Amino acid sequence: MRNPDPRPSARPTSTARPRRAGSPRPTPGQALVETAIGIVLLMLLTFSVIDGAMLFFAYLTLQNGVTAATRFGVTGQDPDDADHPTRHEDAIMRVVRNATPGLTLTDDEFRFCFFKPEDVTMRCPGTGGPDDIIRVTVTHPWQLISPMVWPLVGNGGVLNLSVSATMRNEPSPTGS
């Protein structure tokens, strides 16, 4: 039955909710844009955490390798001789490389220095003799995997990890 009153009803006949003053209407694609921004931030956070973990792994691996190699070097194993003056340094570099899986270390990343206890002048290169104090230093460039973090770090996203260990060479064995 039709409404006999020719005047329209004062009640709204639409089922849509009336707009509140000041609340903008969502535009088409708004959810897509918000998701895209959220995913970028989530990826940045995820790769930053992965970069931090890999950096921590590389630093600890280098520190362990340098400490093991320095300990190897101060025990007098594989000593220098006149025919092979760098044989001792080569042996120490070999020990570091064996103790640092997953890292590729070049010869120019190593530095060997020593000084005598009575004279605190550091001499480089060299591993010294008995009772000298030896320092093995490795400076390794580490490339971050997340390009979004590179501008924050500078240098194209490369960090130089530098680790060193200092120990006293053991005295020469006496006797035979």
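Read the figures in this text as sums done on the coordinates, not as results from a lab. A quick note: this is a predicted structure, and the numbers were derived from the prediction, not measured. Please note: Cβ atoms are built from the backbone with ideal geometry, for glycine as well, and neighbour counts cover all protein chains shown.
Just a few scattered comments:
- Model label points for residue 152 and residue 71, set 7 angstrom from Cα along the Cα-to-Cβ axis, are 3.6 nm apart.
- Here the Karplus curve 6.51 cos²θ - 1.76 cosθ + 1.60, taken at θ = phi - 60°, turns the phi angles of region 110-123 into couplings of 9, 9, 10, 9, 8, 8, 8, x, 7, 10, 8, 7, 6, 10 Hz, with x standing for Gly and Pro.
- For the peptides 100-107, 60-67, the ranking by packing is 60-67, 100-107, with the highest mean count of neighbouring Cβ atoms within 10 Å listed first.
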